[in-house]
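To start, the structure itself, in structure tokens.
What follows is calculated from the coordinates using simple rules that are stated; it is not laboratory data. In this text the structure is predicted, and so the values were computed from the model without any measurement. Please note: Cβ atoms are built from the backbone with ideal geometry, for glycine as well, and neighbour counts cover all protein chains shown.
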Amino acid sequence: MLGEITLILVVIALLLVGLAGIFLPFLPGVPLAWLGIFIYAYAKDFTSISLKTVLIFLGLTAFTLVVDFAAPMIGAKKYHASKFGVLGSSIGLLIGLIVLGPIGIIAGPFLGALLGELAAGRKSQEAIHSAKGALIGFLAGSLIKMIIVLVMIGFFIAALF
């Protein structure tokens, strides 16, 4: 009984930290949530949550890792950013994370794309338009990650009952 409670508490902690990790860049959110699902499924011999489900979630977790870095660049490109804007978005994400912490994950791609576009000789309105695309790409990526973690939480809750 105590082991079961401990297992459930550990999984809940991993799922909640995973959910927080969507917004806190220093936490690998989706991978932590997946780890919680895996631990629970493994402890229950994959009867409550099947191995197939765990592997599907693993694939989705890998997908979110790609989305984390690609979404701001895709957004910037969709809004007609130049190569400098796309590159600036990527560099801005990395520098933003280091310098500004959680705020940097939003401000970094925007400012990086903006500076990249201005360096490429674009007018300020065009540069702002491209930078908005980087921000929209980031927000879309965050939404995808949130949906995946919430689905994992749903599977865990369903497995408990």
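Numbers below:
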{"item": "Protection proxy ranking, peptides 43-55, 122-134, average beta carbon neighbours within 10 Å, highest first", "result": "122-134, 43-55"}
{"item": "Structure-based [θ]222 nm, the chain - -39500 (n - 2.57) summed over DSSP H runs of at least 4, per residue, nearest 500", "result": "-29000 deg cm²/dmol"}
{"item": "Lysine pairs with alpha-carbon atoms under 27 Å apart, region 2-160, spacing 8 or more or separate chains", "result": "14"}
{"item": "Surrounding net charge for Phe155, when Lys and Arg each add one and Asp and Glu each subtract one, Cβ distance under 13 Å", "result": "+2"}
{"item": "Distance between region 110-161 and region 31-67 - C-alpha centres, whole angstrom", "result": "24"}
{"item": "HN-Hα J in Hz across region 131-148 - Karplus 6.51, -1.76, 1.60, θ = phi - 60°, x for Gly and Pro", "result": "5, 4, x, 5, 5, 4, x, 4, 5, 5, x, 5, 5, 4, 5, 4, 4, 5"}
{"item": "Alpha-carbon Rg/Rh ratio, for region 2-160, with Rh computed the Kirkwood way", "result": "1.12"}
